[in-house]
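The values are calculated or read from the model by the stated rules, or taken from the named source; none is laboratory data. Computed from a predicted structure; not experimentally measured. As a convention, Cβ positions derive from the backbone with ideal geometry for all residues, glycine included, and neighbour counts pool all protein chains shown. The area values use the complete protein model at the heavy-atom level, side chains included, leaving out ligands, DNA and RNA. Shrake-Rupley method; radii C 1.70, N 1.55, O 1.52, S 1.80 Å.
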Amino acid sequence: MIWNETMECMDREQLREIQSRRLKSMVEYVYHNTPFYRKKFQEMGLLPDDIQGIDDIGKLPFTQKTDLRDHYPFGFAAVPMSQIVRIHASSGTTGKPVVALYTRKDLATWTESLSRAFTSFGCGKEDIFQISYGYGLFTGGLGAHSGATNIGASVIPISSGNTKKQITLMHDFGATALCCTPSYAMFLGEALKESPWPKEEFKLRVGAFGAEPWTENMRQTLQDTLGIKAYDIYGLSEIAGPGVGYECECQNGTHLSEDYYYPEIVDPKTDEPLPDGTVGELCFTHLTKEGMPLLRYRTHDLTSLHHERCACGRTFVRMDRILGRSDDMLIIRGVNVFPTQIEAVILSLKEFEPHYMLTVGRVNNTDTAELKVEVKEDYFCDEMSQMVRLQKKLEDELRSVIGLGFKVKLVEPKSIERSTGKAKRVVDERML
């Protein structure tokens, strides 16, 4: 199913013409309406007329999250605040929150992107969406709500938390689609198994999961546990929240709505553009945003792009799974480690639950890495020799795949704290 076939399946050359025209207009727009960019252009000796099309995008300055924080709260506004109808913001756990501003037109564009996403998952007006993303400053709840409403679906705006009630309403209201973080979906899967109703009485068939990196192994676990088809949905508040990207029924990469948000992959060290299939840092440039448009915004997400036509018929570029964030990458004893790598190893072994906590420290100037992992109930026992074998099995697999020795501590099921939002999997005590 395709929401907007004209745009999503457009000839690449025609799409590029649209992107060029929109980029040229956007550069002119921010030069006259965003003081930050006008100053940047002047410092670089760059004029709007120097940008004639999408091929010139490399001439434009990058935008960093620190730039947004330095101009907190509304320094990037390109319109008077009287035209801003929605204000979203990040949690601000590492400093001032990052603010995102939306005009009425911006919300309509975002809703269009989410309509494309939910339609690509096979959803429509017959579906009942359980929105278990948080409502509020986080973009997930309100964004998914608007997209589901726009395709004519019914919405249960339950937000996150209160897991027992989540399962009750999922059963009683007959929810067919679930929107939340993949880690909370895992938690809901556990709760569903313990509910008083058999799995066959639930009507859930589709999951739209995002807001944190997750692996193919986790997808399979979610599909088996919840009895659904699990899809990746991608976004970030600064660009548009969920719906910037979405999988199709092929589940072979995340299509990006590149008529609104132009993507690039650059080398995070040299800033040079990278070819298709090469992993690098994902950057976005707004092509139509009014309230707070950004040029070449560095997401710090590491992935790669593919431009060949998808088997579903869409010509929109496809993005590989997010490997991790360049600012989330851990360097432990000289080895680059991403949490998603650890998760993939754990989920490849049948004895372990997908719940873990990595603590990185330093003793005598040497990095230490302790990994707590839950053992599935069927494999957890008091027999020391059996638990030692399991511990060694996981340690050996981690060393083989990641190339690093971890001290593994096996814990009983449900002993690691669950999260209703983004899961916190890593504690780096070297940074405390």
Task: Accessible area per residue in Å² at 1.4 Å probe, computed on the chain - done: 43 Å²
Open item on the list: For K414, give me every one of the lysines with a C-alpha distance below 16 angstrom, ignoring sequence neighbours fewer than eight places off in its own chain.
Closed with: K164, K193, K372, K376, K424
Open item on the list: Take D55 and F74, extend 7 Å from each Cα along the Cα→Cβ direction, and tell me the distance between the two endpoints in nm.
Closed with: 4.1 nm
Task: Selection from L226, W197, V317 lying farthest towards where the dipole of segment 188-319 points positive, charges on Cβ - done: W197
Task: Beta bridge orientation in the chain: antiparallel %, DSSP, nearest 5 - done: 65 percent
Open item on the list: When only alpha-carbon atoms are used, what values of Rg and Dmax, in angstrom, describe the chain?
Closed with: 22.4, 73
TODO: Run the accessible area of segment 284-332 with a 1.4 Å probe and give the carbon-and-sulfur part as a rounded percent.
DONE: 53 percent
TODO: Using a 1.4 angstrom probe on heavy atoms only, work out the carbon and sulfur share of the accessible area of segment 91-215 in %.
DONE: 55 percent
Open item on the list: Can you give me the distance in nm between label points at E351 and E429, each placed 7 Å from the Cα along the Cα-to-Cβ direction?
Closed with: 2.6 nm
TODO: Provide the solvent-accessible area of C381, counting protein heavy atoms only and rolling a 1.4 Å probe, rounded to the nearest 10 Å².
DONE: 40 Å²
- [ ] Mind checking which of A344, S304, H145 is farthest towards the positive end of the chain's charge dipole, using Cβ charges of +1 (Lys, Arg) and -1 (Asp, Glu) about the Cα centre?
- [x] H145
